[in-house]
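The values are calculated or read from the model by the stated rules, or taken from the named source; none is laboratory data. Quick caveat, the model's predicted, so the values are computed rather than measured. Every residue, glycine as well, gets a Cβ built from its backbone with ideal geometry; the counts of neighbours run over all protein chains shown. With ligands, DNA and RNA removed, areas are computed over all heavy atoms of the protein, side chains included. Shrake-Rupley method; radii C 1.70, N 1.55, O 1.52, S 1.80 Å.
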Amino acid sequence: MSLDSLMSAIPDYAQDLRRNLESVIGGSVLTSQQLWGTVLATAVASRSVVVLRELGPEARARLSGEAYTAAKSAAAVMAVSNVFFRTRHLLSDHAYGELRTGLRMNVLGDHRVDRVDFELWALAVSAVNGCGACLDSHERVLRAAGVGREVVQEASKVAAVMWGVGVVMEAEGVLGE
């Protein structure tokens, strides 16, 4: 399957999603590796079987083996990190922020791809998972590396569209309409 089959499966009531998916993939300011890593990482984060089945093979074909694995690693580590740091952020007792994290996140330092690309994928997954603390942290790293706001926003747009497509495709799978 592919991007084309996913786009054709999006129902007419969600035609804006179809157009947005076409736009974020077809007209992105991201490099090919940044784009397809973001697509893969956010497809994993969307938890949509349909989206992952359709776009996973296309991402594999467009990414090196290291980048494919790193994008999945970004989704995996952010699944843990986003819940943990979002919880710390939301708790009224700020003393939790002083406690040792105690969670393994070695992949953040050893992912075998360009650091900017990995940070971009981590930011996009953090957007899907709704962790403001992680979003701020990854955005700071990206901006310090010279990445423009347009690139950060583009990754956020990909994340938003992937999430929206995932929601619709899972609903359609349940409703069967």
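Taking only the stretch 118-139 into account, find how many residues are part of a loop (DSSP other than H, G, I, E, B) and of a type in the set (S, T, N, Q). Working first, answer last.
First, pick out the residues of the stretch 118-139 that are part of a loop (DSSP other than H, G, I, E, B): 130-131.
Now restrict to residues that are of a type in the set (S, T, N, Q): none.
Summing the residues that are part of a loop (DSSP other than H, G, I, E, B) and of a type in the set (S, T, N, Q) in the stretch 118-139 gives 0.
Give Gly176, Gly146, Gly102 a once-over and let me know the one that is loosely packed, with under 12 Cβ neighbours inside 10 Å, within 24 Å of Ala67 (Cα to Cα), of a type in the set (Gly, Ala, Ser) and more than 20 Å from the chain's Cα centre (by Cα). First the steps, then the outcome.
Values: Gly176 fails: within 24 Å of Ala67 (Cα to Cα); Gly102 fails: within 24 Å of Ala67 (Cα to Cα).
Exactly one residue qualifies, and that residue is Gly146.
Just to be sure before I move on: is Ser73 in contact (Cβ under 8 Å) with a residue 24 or more places away in the chain, among the small types (Gly, Ala, Ser) and surrounded by 12 or more Cβ atoms within 10 Å (Cβ to Cβ) in the structure I sent? Break it down stepwise before answering.
Numbers: in contact (Cβ under 8 Å) with a residue 24 or more places away in the chain: yes; among the small types (Gly, Ala, Ser): yes; surrounded by 12 or more Cβ atoms within 10 Å (Cβ to Cβ): yes.
Considered against the rule, which asks whether it is in contact (Cβ under 8 Å) with a residue 24 or more places away in the chain, among the small types (Gly, Ala, Ser) and surrounded by 12 or more Cβ atoms within 10 Å (Cβ to Cβ), Ser73 comes out as yes.
Look at Gly132 and say whether it is farther than 16 Å from Arg47 by Cβ and free of Cβ contacts under 8 Å to residues at least 24 places away in the same chain. Show your work before the answer.
Working: farther than 16 Å from Arg47 by Cβ: yes; free of Cβ contacts under 8 Å to residues at least 24 places away in the same chain: no.
Considered against the rule, which asks whether it is farther than 16 Å from Arg47 by Cβ and free of Cβ contacts under 8 Å to residues at least 24 places away in the same chain, Gly132 comes out as no.
Is it the case that some residue within the stretch 77-92 is part of a helix (DSSP H, G or I), in contact with an Asp or Glu (Cβ under 9 Å, 6 or more places away or on another chain), small (Gly, Ala, Ser) and at pLDDT 90 or above? Steps first, answer last, please.
First, pick out the residues of the stretch 77-92 that are part of a helix (DSSP H, G or I): 77-90.
With the extra rule that they be in contact with an Asp or Glu (Cβ under 9 Å, 6 or more places away or on another chain), the set shrinks to none.
There is no residue in the stretch 77-92 that is part of a helix (DSSP H, G or I), in contact with an Asp or Glu (Cβ under 9 Å, 6 or more places away or on another chain), small (Gly, Ala, Ser) and at pLDDT 90 or above.
Got a number for residues in the stretch 46-87 being among the small types (Gly, Ala, Ser), over 12 Å from the mean Cα position of the chain (by Cα) and farther than 12 Å from Phe118 by Cβ?
Residues flagged as among the small types (Gly, Ala, Ser), over 12 Å from the mean Cα position of the chain (by Cα) and farther than 12 Å from Phe118 by Cβ within the stretch 46-87 amount to 7.
List every residue pair whose Cβ atoms sit under 7 Å apart, with the two residues 6 or more apart in sequence or on different chains, where the first one lies in the stretch 1-22 and is of a type in the set (A, V, I, L, M) and the second, anywhere, is modelled with pLDDT of 90 or more and in a loop (DSSP other than H, G, I, E, B).
Leu17/Ile10
Give the residues of the stretch 17-37 that are among the polar types (S, T, N, Q) and either in a helix (DSSP H, G or I) or in contact with a strand residue (DSSP E or B) (Cβ under 7 Å, 6 or more places away or on another chain) (or both), sorted by residue number.
Asn20, Ser23, Ser32, Gln33, Gln34
Tell me, please, whether a residue that is closer than 26 Å to Val147 by Cβ, at pLDDT below 90 and not charged (D, E, K, R) can be found in the stretch 28-51.
So far as the stretch 28-51 goes, yes, one or more of its residues are closer than 26 Å to Val147 by Cβ, at pLDDT below 90 and not charged (D, E, K, R).
Can you pull out the residues in the stretch 149-165 that are open to solvent by less than 70 Å² (accessible area, probe 1.4 Å) and either among the charged types (D, E, K, R) or at pLDDT below 95 (or both)?
The one that is open to solvent by less than 70 Å² (accessible area, probe 1.4 Å) and either among the charged types (D, E, K, R) or at pLDDT below 95 (or both): Glu154.
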